[in-house]
1. Counting only pairs 8 or more residues apart or on different chains, how many lysine pairs in the range 3-47 have their Cα atoms under 20 Å apart?
2. Please rank CYS123, CYS98, CYS35, fewest neighbouring Cβ atoms within 10 Å first, as an exposure proxy.
3. Suppose the chain between ASP105 and ASN13 were pulled fully straight at 0.36 nm per residue; how much longer would it get relative to their current alpha carbon spacing?
Amino acid sequence: MSEFRKELAAAINKHSKENGSNTPDFLLAEYLEKCLESFDTIITKRELWYKPPPPEEAVEFSEKMIKNLPPERIAKVDGKQMFERIMERFNILNDELCNRMVTPDAKTRNEIRNKLKEYFPTCTVICDESNNPPDVVDSQCIIAKVIWKKHPSYEEISYVDLLFGSKEARENYMPY
């Protein structure tokens, strides 16, 4: 038994934390130690997942990550899950665009709209001059609106406006 686990078991016992589950303190200490080890492993994997690739590999890297997530997994989720997945994809796509230093023109808006529609085929995506007026473009940003229904039988729709651009550009342009 590791020194950490012994001290953890003693602390559990000292504060009678084993009483709630009627589990011996040494088993709880083992469980908690393994949880921490697992957490360390997950953090390492997360860092590898989010580690930005060199700019010349950014597009290829982003495409590989997106291809690994089947569209059917994205389409059949509740509103909160959909929002979280949209935000995950937004962060990936925005990083890719920032690495490439693209301009907020019609070509880039079309690229954003097409990629979002590819990721979320059940959503409506608006990313054109109607929601990107001159002040948005002048600030080097692009807005994409992603609209979805929480469930096909519900009338209520949800949407999120995504503000693409560098951190500085997004901080300088705050529409709300």
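What follows draws every value from the coordinates through simple rules; no lab data is involved. All values derive from a computational prediction rather than experimental measurement. Don't worry about glycine lacking a Cβ; one is built from the backbone with ideal geometry, like all the others, and counts go over all protein chains shown.
1. Value for the range 3-47: 5.
2. The order, fewest Cβ neighbours first, is CYS35, CYS98, CYS123.
3. Answer, rounded to one decimal: 26.7 nm.
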